[in-house]
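A quick write-up on the structure given underneath.
The values are calculated or read from the model by the stated rules, or taken from the named source; none is laboratory data. From a predicted model like this one, the values you see are computed outputs, not experimental measurements. Cβ: placed from backbone, ideal geometry, glycine included. Neighbour counts: every protein chain shown.
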Amino acid sequence: MGKKAIEVAGIDIKDLIKDLNKAYADEWLAYYSYWYMARTVTGPAYEDMSEFLEKIAKDEEEHAKELADRIIELGGLPISYPMNLEKNANAPYPKPPEATSDYKGIIKVVTEAEAGAIEVYNKLASKTFGKDHVTYQLMCHILEEEVKHEETFENLQEHLLVNL
């Protein structure tokens with residue numbers, strides 16, 4: 001980020017990079033959890049559940065890429081060592097349920113992780129609003145997708161309650 005951009009941002013860039021790296025770690029943890037569940041899910045209509053999880057995993061991977069790009073633009077580096085992801089994240093790894101056919105458990109893991117992501121991106125949007133417009137727009141973009149993910153799995157949960 002250039003000198004003028006830093007000057008007009010009116011925000012502590014090192015602190016922002018730290019916050020973005022925490023969100024970056026969250027995204028990789030969510031990506032892996034969802035990707036894993038998409039591969040291992042069993043039970044009735046497992047193909048549909050796998051498809052939902054795979055799509056959201058791809059979105060989380062995209063978010064990690066977008067965050068990494070922004071961190072670099074701001075003069076920082078994204079977390080490089082995978083073992084440091086969970087200890088630098090906002091939330092612990094969204095651990096899949098033991099039973100691969102536990103749809104209610106899968107939905108709980110995903111909706112809780114998405115709710116946490118919504119809080120993180122809402123705070124980052126508030127922090128950058130009127131200051132760092134580029135980061136603010138990125139936070140709004142990711143926030144919108146996280147809201148859709150939460151809604152998708154809440155709707156799926158309602159569908160399961162009706163049909164089980």
Discussion item. Could you tell me how many of the residues in the stretch 16-64 are surrounded by fewer than 15 Cβ atoms within 10 Å (Cβ to Cβ) and in contact with a Ser or Thr (Cβ under 7 Å, 6 or more places away or on another chain)?
Written reply: 3
Worksheet, complete the sentence: Result of the Cβ filter at 7 Å on the stretch 107-129, keeping first residues that are within 26 Å of Ala9 (Cα to Cα) and modelled with pLDDT of 95 or more and partners that are in a helix (DSSP H, G or I) and among the hydroxyl-bearing types (Ser, Thr, Tyr), at least 6 apart or interchain, is Ala125/Tyr136; Thr128/Thr135; Thr128/Tyr136; Phe129/Tyr136
Discussion item. Take the conditions under 11 Å from the mean Cα position of the chain (by Cα) and not aromatic (Phe, Trp, Tyr) and apply them to Leu138. Does it pass?
Written reply: no
Worksheet entry | Hey, Asp69 in contact (Cβ under 8 Å) with a residue 40 or more places away in the chain and within 16 Å of the chain's Cα centre (by Cα) or not | no
Discussion item. Return the pair list, or none, for Cβ contacts closer than 9 Å from residues in the stretch 44-56 that are farther than 13 Å from Leu156 by Cβ and free of Cβ contacts under 8 Å to residues at least 24 places away in the same chain to residues that are exposed (fewer than 13 other Cβ atoms within 10 Å of the Cβ) and not small (Gly, Ala, Ser), at least 6 apart or on different chains.
Written reply: Glu54/Arg39
